[in-house]
Amino acid sequence: MKRVIIVATVLLCVISAQTKAQVWEDVGGPYGGTFIDIITHGTGIVAAPYYRAFLLFGNAEGTEWREVSMPSSAAEAFCLLSPGEGRLLAGSFSRVYRSDDDGTHWEETYIPELLGAVVEDLAGSGDTLFACGGELLLRSTNRGARWNELTDAPPAETILRDFHRVIVGGSDGIWCSYDAGNQWQRLGAVRDSVRGLTKAEGRIYAALRQPRVNGVTLLRFDEAGQTWEECGLHAMTVSALAASQGTLYAGSDDGRTLWPLQRSTDQGEHWEQVVAPPHGLPAPPFPRPVAALFSTSGRLLAALKGMGIWRSGDNTVEWEYVSHGFFPVGVADVAIGEDGTMYAYSMKENFLARRHVGEEVWDFMQYPHNERPGDMLFHGDTIVLAMSDGLLSADVRDVEWSRMTATGISRSWQALYRETSTGRLLAGVPGLPPYYSDNTRIGAQVSDWNGDSLRGPDRIFDFAAWDGAFATTLGMSTDGVFQSTDGGEHWLPFRTGAWYDATSHARANILVGEQGVLSLISPSGPEQLLHEGPSYAVAHSAGSAFVVATRDSGVVLFRSTEDSPGTRLLDGLPATGYAPPTVCRIAFTWDDHTLYFGNCGLPGLWRITLSSISTAERVPAPSGMKLDGVYPNPVRESAAAWLHADRPLHVRVYIVDNLGRVLGTVRERRVSAGDVQLRLPTAGLSPGSYFLVCHAAEGLVCTPFVVLY
């Protein structure tokens, strides 16, 4: 997402200026995505993914799938219909796509009356078919080749073809036609706005768009459709209904619903929650918004929002993830744990996943409710997520989540940072200045949050280290960068402009944003525009090189010790076939010259091996400068190192973690000849390995050290 993470086995490197054609590679997953419709087709089933130009054809059990492309990248399917004889129809933006050979060839019909609206539902069989979109009802009498608006039809958002009649639901209730849509009569006395119609177990069920006064959201009708009753489902807007083995299941796609999947064994009279099974059994991350439900082979298929299709076991106790390998999701942030496990989360699809070393499959990490993560932070084995109503933390070994709240704060949390010298936790809350906590024990209940309520930025996008202080970039506004010199207690304007990423690197501070790549020697010192043009994020080593992803020039290499405008390594970012990368939604990590690219709005996690980077070799140490090892090592509480200089030098000494991030400046000044003791600010460091780096104009030296609990 907003941060740049680097993993380098050798941090000190020289990068050659060679250029070589290279291509991005999809590394596989994490997979999930949202499927908004599942239907029977012939002897199998078909599923339509949300905003993707392909369909999944599966066997009757829903366990084996194959991908079938739509005719163009703009041909997303929002609803499906299998009218018989091997035919298949898909509704899209003012268009209906039809195929007579299981999707091998498609024909397109444009419906100008819809004015760009989505075809929301399809129904019918044989030659006569029905479609609705934008509350209009349309009919085709030639198998979908041409569509005409039924001007006398009621508002239609959903269609149910029930033998010899057509039933539609919309903003004016439920209506029925017995003559293929020429004449209409109201079904029962219902005038509610209806979003869905389903026939199950001999009854017709109507899902209401808004709950009634008494909270009821689901109605049921007898088979004739004249006698209706209120079901016992309350306060849950229903997005999908399905019956399996005599049990009726209702799902909700509203993220505010605490239990989005419920079931009834008495045709809707009483309902109970379908919750996660006992610990250790395969399970989807319930509770989870449900986009579609489908009954097949005596089992239930549940299409969960952002997490693909899951197949239930007996009585929905055990679940199996069955749609893997087809729907890569957008990755907002990537991190690598101490044991090499890769973690990724998606803001758009709303989940957290991990992949262990040597494995290809990503595991979903269940967290409470339906909250959308806004940021991710690691501290040793503890992971912290910024959520809609506070922070969640868990040990990655047992993933038992605990909530870290702040009194009086009810807005979404979207940015996290661990301040190195004091161990403070900084958090960004939209509409409020940054908050900080002096509770240095991440994972514990943090309640002592404080903030400068009168001054400071109020749209926090990211935090970064700036010469021992901290700055926040406001990527959603033009307020620019703010700086704090007291650990986040007070903030002052530092730089205007739309800046998406900021980092402290080698001898300079780097800003990345709409104006380009800006290098500042100090907050008030000289500056240099290294690259002109919109740029997204920066990835750097502890040495003299860093790369920036730009909108127009691909990935550009810079050396902080040179005044060069940079060397273009790659001509572009990953081509996904949908849209350009979303500004400020990328994340990098660098491992053995491999650059990873994740984007919140586009699918997949991509990588490219930067073959233009030569084999890493150590930068020569400045003549007459020596950095002795850290003592004691391993570090438990405090430590120090000795810097020896034969002559006066201007040096900058800083700490780098094993992900390549500059965590804080120990010293930046002109030192006299002789020995200088450097005390390390280790209070805020999590357990792990680090480097102490000393950078002078002629080169740099470093020494490793380890922090223990």
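The values are calculated or read from the model by the stated rules, or taken from the named source; none is laboratory data. Keep in mind that what you see is a predicted model, and the values were worked out from it rather than measured. Glycine gets a Cβ as well: all are built from the backbone with ideal geometry, and neighbour counts include every protein chain shown. In case anyone asks, the SASA skips ligands and DNA or RNA and just uses the protein heavy atoms, side chains included. Shrake-Rupley method; radii C 1.70, N 1.55, O 1.52, S 1.80 Å.
Please enumerate the residues belonging to the range 234-249 that are assigned to a strand (DSSP E or B) and either acidic (D, E) or buried (at least 17 other Cβ atoms within 10 Å of the Cβ) (or both).
First, pick out the residues of the range 234-249 that are assigned to a strand (DSSP E or B): 234, 240-244, 247-249.
Residues satisfying the conditions are A240, L241, A242, A243, S244, T247, L248, Y249.
Can you pull out every residue in the range 210-233 that is charged (D, E, K, R), touching a residue at least 40 places away in the same chain (Cβ under 8 Å) and outside any strand (DSSP E or B)?
Passing the criteria: none in range.
May I ask you to verify whether D179 is under 19 Å from F163 (Cβ atoms) and modelled with pLDDT under 90?
Values: under 19 Å from F163 (Cβ atoms): yes; modelled with pLDDT under 90: no.
No; evaluated as a whole, the condition is false for this residue.
Inspect the range 25-41 for any residue being over 20 Å from E120 (Cα atoms), assigned to a strand (DSSP E or B) and small (G, A, S) and give the result as yes or no. Show your work before the answer.
The first filter runs over the range 25-41 and keeps only residues over 20 Å from E120 (Cα atoms), leaving 25-32.
Still in the running and assigned to a strand (DSSP E or B): 25-26, 31.
The next check asks that each one be small (G, A, S); those that pass are none.
No, the range 25-41 contains no residue that is over 20 Å from E120 (Cα atoms), assigned to a strand (DSSP E or B) and small (G, A, S).
Kindly indicate whether T682 is out of contact with any helix residue (DSSP H, G or I) (no Cβ under 9 Å at 6 or more places or on another chain) and modelled with pLDDT of 80 or more.
Numbers: out of contact with any helix residue (DSSP H, G or I) (no Cβ under 9 Å at 6 or more places or on another chain): yes; modelled with pLDDT of 80 or more: no.
No, not satisfied.
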Residue check, L258 among the hydrophobic types (A, V, I, L, M, F, W, C) and within 24 Å of G33 (Cα to Cα): yes
Contacts under 8 angstrom Cβ, first residue in the range 339-351 being closer than 15 Å to Y596 by Cα and without any contact (Cβ under 8 Å) to a residue 24 or more places away in the chain, partner hydroxyl-bearing (S, T, Y) and open to solvent by less than 20 Å² (accessible area, probe 1.4 Å), 6 or more apart: none
Count - residues of the range 341-371 that are hydrophobic (A, V, I, L, M, F, W, C) and open to solvent by 60 Å² or more (accessible area, probe 1.4 Å): 2
Of all residues in the range 671-692 being part of a strand (DSSP E or B), farther than 18 Å from H379 by Cβ and not hydrophobic (A, V, I, L, M, F, W, C), the one that is most open to solvent (accessible area, probe 1.4 Å): R679
Some residue of the range 214-233 being open to solvent by 30 Å² or more (accessible area, probe 1.4 Å) and at positive phi: no
Within the range 629-656, considering residues that are open to solvent by 60 Å² or more (accessible area, probe 1.4 Å) and not in a strand (DSSP E or B), the one modelled with the lowest pLDDT: E637
Entirely in the range 340-408, the strands (runs of 3 or more DSSP E) that have 2 or more residues that are in contact with an Asp or Glu (Cβ under 9 Å, 6 or more places away or on another chain): 342-346, 351-355, 375-379, 382-387, 390-395
Conditions (1) in contact (Cβ under 8 Å) with a residue 24 or more places away in the chain; (2) open to solvent by 40 Å² or more (accessible area, probe 1.4 Å); number of the one not met by S252: (2)
Residue selected from the range 317-340 under the condition open to solvent by less than 50 Å² (accessible area, probe 1.4 Å) and over 18 Å from the mean Cα position of the chain (by Cα), by the criterion nearest to M376 (Cα to Cα): G337
Test: residue in the range 190-204 that is more than 35 Å from the chain's Cα centre (by Cα), of a type in the set (A, V, I, L, M, F, W, C) and at pLDDT 90 or above: yes
Near pairs, Cβ below 6 angstrom, 6+ apart or cross-chain, from the range 95-108 (without any contact (Cβ under 8 Å) to a residue 60 or more places away in the chain) to any residue that is of a type in the set (K, R): D100/R87; E107/R98; E108/R95
Selection count, the range 78-91, where residues are open to solvent by less than 40 Å² (accessible area, probe 1.4 Å), at pLDDT below 95 and not in a strand (DSSP E or B): 1
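If a residue must be open to solvent by less than 30 Å² (accessible area, probe 1.4 Å) and at pLDDT below 80, how many such residues does the range 419-433 contain? Break it down into steps so the answer makes sense when it comes.
First, pick out the residues of the range 419-433 that are open to solvent by less than 30 Å² (accessible area, probe 1.4 Å): 419-420, 423-429, 433.
In the following step, the residues that additionally are at pLDDT below 80 were identified as 419-420, 423-424, 429, 433.
Within the range 419-433, residues that are open to solvent by less than 30 Å² (accessible area, probe 1.4 Å) and at pLDDT below 80 number 6.
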